[in-house]
Amino acid sequence: MTPNSRYFAGIPVVLAGLLSACSPNPMVLQDRVSVRPVVPPRVSMPTPPPKPALNSSSEVVIPPKPAVSAAPKPKPAAPVAPTEVMTATPSAPEPIKVLAPKAYPSSPAVKALMKTADAEAAGGNLDKAADTLERALRIESDNPDIWLKLAKINERQGNREQATNMLSRAKTYQEQLN
């Protein structure tokens, strides 16, 4: 008995039907009974207490707290207590610590190139100074000091757009350093 090709064509169809009956169907699993939007509960914020008022003699006057209740209370026969007075001594402000920006740890070769570029720029040879700083950038491309000096030279040469781009790079590298 030789296998018939129609049997082989029918076997995958039967297997696919059996396997699909076992797998979860996302359309069946959805809950479509109640589709009401969820409304968050309202939260009432209590009013903050009033801030104490300062007198000219640096005294803090704390007003009496009002009574909060649902039902009104009868007024007491006794007189109301006077407000509480406290004196405050002014304290010295704490010193603010200012962090100095971190310096990029340059290699000796880059330091020498930057010194040479400074001398060339002071002598008026801006093209040679820019070339020297570009050599330093090939060694340390993320040094913000080199980018800043090169931006200043480009600004002196009249290349404002290029100088602006270099200043933004210097700022980016300085922020990464800190």
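Would you please name the residue that is surrounded by the most Cβ atoms within 10 Å (Cβ to Cβ), looking only at residues in region 99-150 that are in a helix (DSSP H, G or I) and among the basic types (Lys, Arg)?
Ranking the candidates gives LYS149 first.
May I ask you to list the residues in region 110-151 that are in contact (Cβ under 8 Å) with a residue 24 or more places away in the chain and basic (Lys, Arg)?
LYS149
Throughout, read-outs are computed from the coordinates displayed, never taken from laboratory work. A quick note: this is a predicted structure, and the numbers were derived from the prediction, not measured. Cβ: placed from backbone, ideal geometry, glycine included. Neighbour counts: every protein chain shown.
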